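Here the structure comes first, spelled out in structure tokens, and everything after it is commentary.
The values are calculated or read from the model by the stated rules, or taken from the named source; none is laboratory data. All values reported here derive from a predicted model rather than from experimental measurement. Cβ placement follows ideal geometry from the backbone for every residue including glycine, while neighbour counts extend to all protein chains displayed.
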């Protein structure tokens with residue numbers, strides 16, 4: 001079976017979005033239905049949330065893939081509206097994964113975004129590791145995800161001199 005990234009690319013998503021989708025799917029996992037996540041939020045498929053997700057739903061793999069693609073486009077639009085500096089591919093993947101996980105409001109009010117937009121890019125990347133709690137509990141899955149996002153975020157920064 002094709003990877004999530006390859007399947008998203010086949011749907012016409014730009015390379016960085018397709019890679020981000022595969023990255024997000026790895027950390028979110030796939031549930032072919034709706035469920036309550038560790039933060040108490042009604043969720044479906046690859047971590048999709050919103051009014052379209054209600055208790056007791058089931059989805060096919062294709063429906064989950066299309067939902068992920070639509071979510072990626074919306075989260076990327078919101079991410080890029082908030083970010084005022086050009087991003088490396090590594091930063092883009094890391095911050096899109098983070099945005100997808102914490103939501104637009106938390107991203108917009110974060111110290112991470114303030115540092116990033118002030119061009120303190122390495123410091124901004126290191127802010128990721130602070131976001132490892134859900135409902136006051138430190139979650140191993142978030143610790144792992146943030147560490148991976150940090151490594152992805154820092155990956156290309158030597159080339160831009162940040």
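Annotation note: of 26, 13, 17, the sole residue that is under 18 Å from the mean Cα position of the chain (by Cα), assigned to a loop (DSSP other than H, G, I, E, B) and modelled with pLDDT under 95 is 13.
The rows are residues; the columns are (1) within 23 Å of residue 129 (Cβ to Cβ); (2) within 15 Å of the chain's Cα centre (by Cα).
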| position | (1), (2) |
| --- | --- |
| 6 | no, no |
| 73 | no, yes |
| 90 | yes, yes |
| 95 | yes, yes |
| 101 | yes, yes |
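Of all the criteria given as (1) assigned to a helix (DSSP H, G or I); (2) over 15 Å from the mean Cα position of the chain (by Cα); (3) loosely packed, with under 15 Cβ neighbours inside 10 Å; (4) in contact (Cβ under 8 Å) with a residue 24 or more places away in the chain, the one not satisfied by residue 64 is (3).
Return a yes/no flag: does region 45-56 have any residue that is assigned to a strand (DSSP E or B), closer than 25 Å to residue 140 by Cα, without any contact (Cβ under 8 Å) to a residue 24 or more places away in the chain and in contact with a strand residue (DSSP E or B) (Cβ under 7 Å, 6 or more places away or on another chain).
Within region 45-56, one or more residues are assigned to a strand (DSSP E or B), closer than 25 Å to residue 140 by Cα, without any contact (Cβ under 8 Å) to a residue 24 or more places away in the chain and in contact with a strand residue (DSSP E or B) (Cβ under 7 Å, 6 or more places away or on another chain).
Residues that are in contact with a helix residue (DSSP H, G or I) (Cβ under 9 Å, 6 or more places away or on another chain) and in contact (Cβ under 8 Å) with a residue 24 or more places away in the chain within region 107-119 comprise 107, 108, 113, 116, 117, listed in sequence order. For region 69-84, the candidate set comprises residues that are in contact with a helix residue (DSSP H, G or I) (Cβ under 9 Å, 6 or more places away or on another chain) and more than 16 Å from residue 98 (Cβ to Cβ); within that set, the residue that is surrounded by the most Cβ atoms within 10 Å (Cβ to Cβ) is 69. With respect to the conditions (1) modelled with pLDDT of 95 or more; (2) not in a helix (DSSP H, G or I), residue 162 falls short on a single one, namely (1).
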